[in-house]
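In what follows, a single structure is set out as structure tokens and then discussed.
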2 protein chains.
Amino acid sequence: MHHYNLCCVGFGNVGRALVRLLETKRSELRERYDIEWRLSGVMSRSLGYIADLDGLNPAELVAGTPRHAPLAPETTFEGWLKAADADVVFEMSSLNPLTGQPASGYLRSALQYGAHAITANKGPIVHAYRALRDLARARGRAFRFEATVMDGAPIFSLFQEALPAVQVRAFRGILNSTTNLILGEMEHGHSLEAAVRRAQQLGIAETDPSADLDGWDAAVKVAALVTVILDTPLHPDEVQRIGIRALDSAEVQAAHAAGTPYKLICTARRGAHGVEASVAPERLQPGDPFALVGGTSSVVHFETDVLPGITITEHNPSPTTTAYGLLADFIAAVRT
Amino acid sequence: MHHYNLCCVGFGNVGRALVRLLETKRSELRERYDIEWRLSGVMSRSLGYIADLDGLNPAELVAGTPRHAPLAPETTFEGWLKAADADVVFEMSSLNPLTGQPASGYLRSALQYGAHAITANKGPIVHAYRALRDLARARGRAFRFEATVMDGAPIFSLFQEALPAVQVRAFRGILNSTTNLILGEMEHGHSLEAAVRRAQQLGIAETDPSADLDGWDAAVKVAALVTVILDTPLHPDEVQRIGIRALDSAEVQAAHAAGTPYKLICTARRGAHGVEASVAPERLQPGDPFALVGGTSSVVHFETDVLPGITITEHNPSPTTTAYGLLADFIAAVRT
């Protein structure tokens with residue numbers, strides 16, 4: 001039996017879902033994978049740095065009422081890792097798409113401390129993938145990030161483990177749930193503004209929805225997939241990007257009624273001059289299976305040298321689905 | 001660098017595609033995985049037992065003109081494995097759905113000899129899965145079978161590697177390409193008989209198409225998935241099975257025109273009294289994405305405890321796609 005000290009950086013919806021999922025899976029992890037775990041550290045803006053080598057109480061943390069006082073105000077991130085003796089760090093802080101910070105720094109510190117570094121944050125992938133990957137190799141630790149694109153669906157591990165020796169030539173997908181949900185509302189006659197409010201009420205859209213509406217979130221995901229799966233570093237700025245603000249509600253409704261709806265489509269293709277990537281609204285052709293990917297579901301289709309086409313569709317994700325991506329990374333990290 | 005002696009049992013379309021694919025990927029295998037290989041043995045009904053520790057000539061074998069005489073007539077399978085000093089055995093003999101033989105016996109001998117055993121044959125999965133899995137564990141070798149269901153799409157390795165700690169509750173799929181192609185022909189006004197002839201001309205249907213038309217091939221695949229992924233041994237006889245012979249061509253055509261086509265649908269669900277599984281033609285509901293899975297493409301949708309739904313679609317497979325399933329198994333076997 002192996003015992004692991006788990007630490008959470010950020011403790012919002014996904015962090016709470018992760019801790020609940022770890023509890024649900026406790027006996028399965030023990031019986032199938034010889035894994036025992038305790039939560040030895042949590043840090044967040046509201047909680048500060050908390051650590052206890054005897055294990056924090058998951059139920060108290062999920063309820064937002066830990067019995068532990070935060071560590072002294074002068075505590076550093078590195079000091080917290082040490083106080084919690086971190087074996088695995090789950091990095092779930094907010095995305096900064098422009099710099100990838102502070103997430104990248106947290107992950108680097110985690111690896112340097114000797115912990116496995118697992119993130120749900122796509123900023124570090126587009127800003128620091130190769131540096132973090134190489135650091136992880138040098139330290140004999142894992143750097144994993146399955147939850148960054150399509151929540152719990154196994155996109156990165158598909159190519160790392162299940163599909164070896166495959167060259168991806170191109171992909172096409174619907175990768176931003178928020179705009180997909182918003183377009184669905186517009187198809188039923190709502191204005192863009194009303195659709196955004198609805199998505200905000202459901203907790204799907206942010207208070208400032210620009211990152212979704214302008215295609216920026218989707219562009220970061222495209223850049224992350226290209227960087228890792230096409231093994232070609234690509235900055236989100238290099239993704240041709242058109243958002244959904246200019247779409248007319250009546251036209252969206254008519255296109256839907258005709259069975260050829262608008263979707264915010266992500267594409268990338270390796271060509272003679274590197275990788276061309278884009279995010280843009282597209283009116284689908286009749287019979288395109290992407291027309292049936294509604295709500296917060298997502299899809300990606302890969303063209304490869306040996307498999308003519310393989311499509312992965314994820315239906316109705318929740319914070320638990322994202323948490324599962326982190327859990328799968330944890331198991332994979334300690335299995336290898 | 002690791003050197004492997006590869007042996008092929010059966011050498012039809014898939015075997016030839018495998019050898020061509022291994023050649024295409026030779027430098028990638030060397031550079032990415034430190035794998036060097038030679039083909040040290042081939043056996044088939046027409047070639048007999050052939051072995052050469054210096055390596056057989058792949059191009060000659062693919063052309064059907066090996067320079068090697070077969071081993072002496074009294075050679076046994078075990079004697080051939082030894083003559084070829086097999087490290088990896090690719091088992092690609094014909095399916096016997098009633099007994100799983102002789103494939104199961106070949107795989108057992110391969111593992112007992114100390115080779116990794118990789119099969120494209122679903123007979124051994126439904127008839128001998130647990131025995132072969134346990135033998136492989138005892139011998140420290142791999143027993144893998146990705147190509148048995150959905151060709152090169154990573155269905156088994158999805159749950160073995162990319163989706164740990166997931167409980168599959170149910171699946172639903174289109175798993176038999178031949179009937180899917182035949183139904184497509186019938187949608188365009190052809191009779192069942194004409195559609196079967198067309199599938200035979202394309203090399204998709206067998207001379208005796210009963211195994212496909214009666215849903216037997218699909219039932220074996222369902223039993224294989226239930227046995228492995230739901231970890232519940234299920235015999236093909238226990239799959240409720242209705243084939244496509246009773247479907248009326250005009251009705252198939254009308255259903256297609258209405259956007260609610262007939263498909264041969266495979267299902268399994270874990271219930272209070274074990275696993276219920278079935279194969280039957282189903283007229284799809286409007287908006288069912290399975291309606292868009294045409295030709296020889298295939299699809300499977302999984303419901304799990306942590307991912308509400310994940311769908312894998314494989315488009316337009318060829319013998320190379322099946323060969324890729326075997327190659328992926330080879331890489332996975334020697335990586336672990």
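The values are calculated or read from the model by the stated rules, or taken from the named source; none is laboratory data. What you see is a predicted model, and the numbers here were worked out from it, not measured in a lab. Here the Cβ is made from the backbone with ideal geometry for all residues, glycine too, and neighbour counts use every protein chain on show. All accessible areas refer to the heavy atoms of the entire protein, side chains included, with ligands and DNA or RNA removed. Shrake-Rupley method; radii C 1.70, N 1.55, O 1.52, S 1.80 Å.
Listed values, structure above:
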| item | result |
| --- | --- |
| Breaking point among (1) more than 10 Å from chain A (Cβ to nearest Cβ); (2) within 28 Å of A:VAL166 (Cα to Cα), for B:ALA255 | (2) |
| Any hit, the range B:106-128, residues being over 15 Å from the mean Cα position of the chain (by Cα), open to solvent by 30 Å² or more (accessible area, probe 1.4 Å) and without any contact (Cβ under 8 Å) to a residue 12 or more places away in the chain | no |
| All positions within the range A:275-297 that are of a type in the set (S, T, N, Q), farther than 21 Å from A:ARG245 by Cβ and more than 10 Å from chain B (Cβ to nearest Cβ) | A:GLN285 |
| Residue match in the range B:238-261 (condition: assigned to a strand (DSSP E or B) and either within 24 Å of B:PRO289 (Cα to Cα) or not acidic (Asp, Glu) (or both)) | yes |
| Filter result (open to solvent by less than 40 Å² (accessible area, probe 1.4 Å) and touching a strand residue (DSSP E or B) at 6+ places or on another chain (Cβ under 7 Å)) within the range A:241-266 | A:ILE244, A:LEU247, A:VAL252, A:ALA255, A:THR260, A:TYR262, A:LYS263, A:LEU264, A:ILE265, A:CYS266 |
| Residue check, A:GLU303 away from every other protein chain (no Cβ under 14 Å) and open to solvent by 30 Å² or more (accessible area, probe 1.4 Å) | no |
| Residues located in the range A:289-315, provided they are in a loop (DSSP other than H, G, I, E, B) and either under 24 Å from the mean Cα position of the chain (by Cα) or under 23 Å from A:LEU213 (Cα atoms) (or both) | A:VAL293, A:GLY294, A:GLY295, A:THR296, A:SER297 |
| Test for B:GLU238: is it open to solvent by 40 Å² or more (accessible area, probe 1.4 Å), within 12 Å of chain A (Cβ to nearest Cβ) and under 30 Å from B:ARG144 (Cα atoms) | no |
| Within the range A:272-283, tally of residues that are farther than 18 Å from A:ASP212 by Cα and surrounded by 19 or more Cβ atoms within 10 Å (Cβ to Cβ) | 1 |
| Selection from the range B:213-227 of residues that are out of contact with any Phe, Trp or Tyr (no Cβ under 6 Å at 6 or more places or on another chain) and within 19 Å of B:HIS127 (Cα to Cα) | B:GLY215, B:TRP216, B:ASP217, B:ALA218, B:ALA219, B:VAL220, B:LYS221, B:VAL222, B:ALA223, B:ALA224, B:LEU225, B:VAL226 |
| Entirely in the range A:138-224, the helices (runs of 4 or more DSSP H) that have 3 or more residues that are touching a residue at least 60 places away in the same chain (Cβ under 8 Å), open to solvent by 10 Å² or more (accessible area, probe 1.4 Å) and over 30 Å from B:ALA333 (Cβ atoms) | A:177-187 |
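For every residue, the table says whether it meets (1) touching a strand residue (DSSP E or B) at 6+ places or on another chain (Cβ under 7 Å); (2) under 26 Å from A:ALA165 (Cα atoms); (3) within 14 Å of chain A (Cβ to nearest Cβ); (4) hydrophobic (A, V, I, L, M, F, W, C).
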{"site": "B:PRO102", "(1), (2), (3), (4)": "no, no, no, no"}
{"site": "B:THR119", "(1), (2), (3), (4)": "yes, yes, no, no"}
{"site": "B:ARG139", "(1), (2), (3), (4)": "no, no, no, no"}
{"site": "B:ALA142", "(1), (2), (3), (4)": "yes, yes, yes, yes"}
{"site": "B:ALA165", "(1), (2), (3), (4)": "no, yes, yes, yes"}
